[in-house]
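Undergrad: Have a look at the structure that comes next, please.
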Amino acid sequence: MKKYLVLADGSVYEGEGFGSEKETVGELVFTTGMCGYIETLTDASYAGQIVIQTFPLIGNYGIIPEDFEGESLLKGYVVREYCETPSNFRCEETLNAYLKEKDIPAIAGVDTRALTRRIRNHGVINAGLFNTVPEDLSILKNYAVTGVVNAATCRHIETFPAEGEEKRHVTLIDCGLKKNIVRELCRHGCTVKVVPSTSSAEEILKEPVDGIMISNGPGDPGENTALIQTLRQIVGKKPVFGICLGHQLMALAMGGTTYKMKFGHRGVNQPVKDLETGRTYITSQNHGYAVDADSLRGIGTEAFVNANDGTCEGMRYPGYDCLTVQFHPEACSGPKDCGFLFDTFMKMMEEKHA
């Protein structure tokens, strides 16, 4: 069936619909990963967004539930070509079947390169996937990504045991976490208690806990005022490690500011420079907001910057036992380049107990 991708400025892209037949509206963004579409589809940080895959062929290895990172909360999916007959010994179903199950509409056969250039040059834009072109575009112009952390967080506390010898207890605040964060902590000998983002400081600090992790997640960090206040009550009491949205939330909790980027960083090829060593790492990222490092002068120290555009990619907060990064050290872009940050977090907790 025909499907139409309609942008808020009135641009129309006609293609072939697959997945769910419903219509949808969201913020249109692109991701540059050449592989990892399963992880993209199951990354809660895409909540409220229609995702363009810049790599032309998607679905060739099917859907593999073992590789899921979380819930599929994106609003729509845009590809140049999708594969109807995947080939992989781990494949359990097709991309089309999965999107139907999750009620996510998708479109194929559109010029994803032209769409990506448009967003790169003009910034993110609202869009919709429709079965017929609408005359009234007000629904697109008025759309905003809101309430997505509350939609992405867990509803109940869950505990995951350490692999091998138990070394530490970590409380992980779930803002829309990627499961590999839990796996990495467990591999490092941590028993991990995952708690909802609505948890109070008392609940988060409830013994036993040696360190606090703040996960990735979707949307505007400034919207989460209650969680930011909770983090103010936590920081300095236990070692804290924040990833992605966790990095942004902690900056706001420490009195800094964040801003919306022109088109964000989404992909597995973002170069990040360590300002202490001068080394550059290739990282996985998915965010549309950034921390203004200048707003934290005298409070925190900028630790990492993006080698492409110079945006802040990490902060250290001396005296608070707090480290945050914008990228995903649990991902495998390098493939293991940034795993040392989990070792750093372990050392922070060990020193606290020394």
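The values are calculated or read from the model by the stated rules, or taken from the named source; none is laboratory data. Computed from a predicted structure; not experimentally measured. Neighbour counts run over all protein chains shown; Cβ positions are idealised from the backbone, glycine included. Surface areas here come from the heavy atoms of the whole protein model, side chains and all, with no ligands, DNA or RNA. Shrake-Rupley method; radii C 1.70, N 1.55, O 1.52, S 1.80 Å.
Undergrad: If ligands, DNA and RNA are left out, what is the accessible area of ARG155 with a 1.4 Å probe, given in Å² to the nearest 10?
TA: 150 Å²
Undergrad: If you don't mind, another one. Quick one: how many Å² of SER197 are accessible to a 1.4 Å probe, rounded to 10?
TA: Looks like 10 Å² after rounding.
Undergrad: I want the local charge near GLU158. Using Cβ-Cβ distances under 13 Å, sum +1 for each Lys or Arg and -1 for each Asp or Glu among the other residues.
TA: Taking every Cβ under 13 Å from that of GLU158, the sum is +2.
Undergrad: Here's something else I'd like to know. Enter the accessible area of HIS247 (Å², nearest 10), with the probe set to 1.4 Å and all protein chains included.
TA: Accessible area of HIS247: about 0 Å².
Undergrad: How large are Rg and Dmax for region 244-285 when calculated on the C-alpha trace, in angstrom?
TA: Gyration radius and largest Cα-Cα distance of region 244-285: 12.4, 30 Å.
Undergrad: At 7 Å along the Cα-to-beta-carbon direction for both CYS35 and GLU135, put a label point, then send me their distance in nm to one decimal.
TA: Between CYS35 and GLU135, the label points sit 5.0 nm apart.
Undergrad: Just to make sure I understand: if all protein chains stay in place, what is the order of HIS353, HIS156 by accessible area at 1.4 Å, largest first?
TA: From most exposed to least exposed: HIS156, HIS353.
Undergrad: Quick one: accessible area per residue over the chain, 1.4 Å probe, rounded to a whole number of Å²?
TA: Here the residues of the chain average 42 Å² of exposed surface.
Undergrad: Convert 37 °C to kelvin, take the viscosity as 0.692 mPa s, use the Kirkwood radius over C-alpha pairs of region 60-158 as Rh, and evaluate the Stokes-Einstein diffusion coefficient in µm²/s, rounded to a whole number.
TA: For these conditions, the coefficient is 201 µm²/s.
Undergrad: Run the accessible area of the chain with a 1.4 Å probe and give the carbon-and-sulfur part as a rounded percent.
TA: Solvent-exposed carbon and sulfur of the chain make up 48 percent of the total.
Undergrad: Greater than 28 Å separation of Cα atoms is the criterion. Which listed pairs, LYS2/LYS100; LYS193/LYS352; LYS2/LYS262, meet it?
TA: Those over the limit are LYS2/LYS262.
Undergrad: A follow-up question, please. Report the calculated FRET efficiency for ASN269 and GLU21 (r = Cβ-Cβ distance, R0 = 41 Å), to the nearest 0.05.
TA: FRET efficiency, ASN269 to GLU21: 0.75.
Undergrad: I've got another one for you. Of the listed pairs LYS102/LYS179; LYS75/LYS273; LYS75/LYS206; LYS75/LYS179; LYS102/LYS167, which have alpha-carbon separations greater than 30 Å here?
TA: LYS75/LYS273; LYS75/LYS206; LYS102/LYS167
Undergrad: Between GLU203 and ASP9, what FRET efficiency comes out of the Förster formula 1/(1 + (r/R0)^6) with R0 = 41 Å and r the beta carbon distance, rounded to 0.05?
TA: 0.35
Undergrad: Which of rounded, prolate or oblate describes region 1-109 when judged by the alpha-carbon gyration tensor and an a/c cut-off of 1.5?
TA: prolate
Undergrad: What are the DSSP H helices in the chain that stretch 18 Å or more along their long axis, judged by alpha-carbon atoms, and whose average Kyte-Doolittle hydropathy comes to at least -1.0?
TA: 340-353
Undergrad: For labels at HIS156 and ASP67 in the simple 7 Å Cα→Cβ model, what's the distance in nm?
TA: 3.0 nm
Undergrad: Looking only at the chain, where both bridge partners belong to it, what percent of the DSSP beta bridges are antiparallel (to the nearest 5)?
TA: 60 percent
Undergrad: Another question, if that's okay. Of the listed peptides 305-316, 92-103, 268-279, what is their order by residue-averaged count of other C-beta atoms within 10 Å, with the highest listed first?
TA: 305-316, 92-103, 268-279
Undergrad: If you don't mind, another one. Give the span of region 1-59's Cα atoms along each principal axis, as three whole-Å numbers ordered largest to smallest.
TA: That works out to 29, 22, 19 Å along the principal axes.
Undergrad: Taking Cα atoms of region 229-354, Rg/Rh with Kirkwood Rh, to two decimals?
TA: 0.95
Undergrad: Now for a separate question. Give me Rg/Rg_expected for region 154-304, where Rg uses Cα atoms only and Rg_expected = 2.2 N^0.38 Å with N residues.
TA: Computed over Cα atoms of region 154-304, the ratio equals 1.05.
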